[in-house]
Amino acid sequence: AAGSAGSAGGDGATGIAATFCRGREMNLILWRHAEALDAAPGQDDLSRPLTPRGERQAQRVARWLSQRLAESTRVLVSPALHCRQTAAALGKKSKTVPELAPDAQIQSLLDAAGWPDARTPVLLIGHQPTLGLLAAYLLTGTPHSIAVKKGSVWWLRSRDREGSAGAVLHAVQSPDDC
């Protein structure tokens, strides 16, 4: 499924952008930070940088996203260095948001994104397990553990499910498949 969404609409990027940006539905894109160095003894988790492999992962996924994101997409980033470095690969203006720090609560992420009412797409760059819990909650109504691979993107779109906001999964992209 990783690359299959790119064929929507026939020409890849244009078809995907048209599908994701139509109507008044909200697009929420979850991007887990790329591979980071292990913390050295006494080092704060927030100060860990990306590995060289993580830098390549971020660049590959950023190229994939750049072909698909609407110009109006808001980019919200965890204060962790490895998340900010992942965001920098995209080359878009971003905002560091403390509510996206490690161990954030699902509701904090929803509030930061303005789910499900934001009029522009929102890209959240953050951490496991929170991103996986958020994806599960939006897709199933229950926060349970879904593994989101380092550097991967999960693209969701809001939908009204019997009076409550749910989501439809449109794409999952791994850095290995870019």
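The values are calculated or read from the model by the stated rules, or taken from the named source; none is laboratory data. Keep in mind it's a predicted model, so treat the numbers as computed, not measured. Because the Cβ atoms are built from the backbone with ideal geometry, glycine has one as well, and the counts that use them run over all protein chains shown. Just the protein is used for accessible areas: all its heavy atoms, side chains included, with ligands, DNA and RNA removed. Shrake-Rupley method; radii C 1.70, N 1.55, O 1.52, S 1.80 Å.
Are there any helices (runs of 4 or more DSSP H) wholly within region 78-148 with 3 or more residues that are more than 17 Å from A36 (Cβ to Cβ) and touching a residue at least 12 places away in the same chain (Cβ under 8 Å), and if so which? Give the derivation first.
Working: elements: 81-88, 106-113, 130-140.
Filter on region 78-148 gives 106-113, 130-140.
Of all the residues in region 47-66, those that are open to solvent by less than 60 Å² (accessible area, probe 1.4 Å), part of a helix (DSSP H, G or I) and either within 18 Å of L109 (Cβ to Cβ) or hydroxyl-bearing (S, T, Y) (or both) number 1. Residues that are assigned to a loop (DSSP other than H, G, I, E, B) and touching a Lys or Arg at 6+ places or on another chain (Cβ under 7 Å) within region 150-166 comprise K150, G151, S152, listed in sequence order. Considering each residue of region 56-71 in turn, none proves to be more than 23 Å from A171 (Cα to Cα) and not acidic (D, E). Among residues belonging to region 31-66 that are of a type in the set (D, E) and at pLDDT 95 or above, point out the one that is farthest from the chain's Cα centre (by Cα). Among those that are of a type in the set (D, E) and at pLDDT 95 or above, it is D38. Whether any residue in region 99-112 is within 18 Å of S152 (Cα to Cα), touching a helix residue (DSSP H, G or I) at 6+ places or on another chain (Cβ under 6 Å) and of a type in the set (A, V, I, L, M, F, W, C) is what I want to check. Yes; the residues of region 99-112 include at least one that is within 18 Å of S152 (Cα to Cα), touching a helix residue (DSSP H, G or I) at 6+ places or on another chain (Cβ under 6 Å) and of a type in the set (A, V, I, L, M, F, W, C).
Take D117 and tell me if it is over 22 Å from W64 (Cβ atoms), among the acidic types (D, E) and out of contact with any Cys (no Cβ under 6 Å at 6 or more places or on another chain). First the steps, then the outcome.
Working: over 22 Å from W64 (Cβ atoms): yes; among the acidic types (D, E): yes; out of contact with any Cys (no Cβ under 6 Å at 6 or more places or on another chain): yes.
Taking the combined requirement at face value, the residue satisfies it.
Residue count for region 85-113 under the criterion of being surrounded by 15 or more Cβ atoms within 10 Å (Cβ to Cβ) and not hydroxyl-bearing (S, T, Y): the result is 17. Being at pLDDT 95 or above, among the polar types (S, T, N, Q) and closer than 11 Å to I29 by Cβ: is that true of Q107 here? Spelling it out, it is not the case that Q107 is at pLDDT 95 or above, among the polar types (S, T, N, Q) and closer than 11 Å to I29 by Cβ.
Answer yes or no: is there a residue in region 67-84 that is modelled with pLDDT under 95, open to solvent by 40 Å² or more (accessible area, probe 1.4 Å), farther than 20 Å from L156 by Cα and touching a Pro at 6+ places or on another chain (Cβ under 8 Å). I'd like the intermediate steps shown before the answer.
Of the residues in region 67-84, the ones modelled with pLDDT under 95 are none.
No: zero hits.
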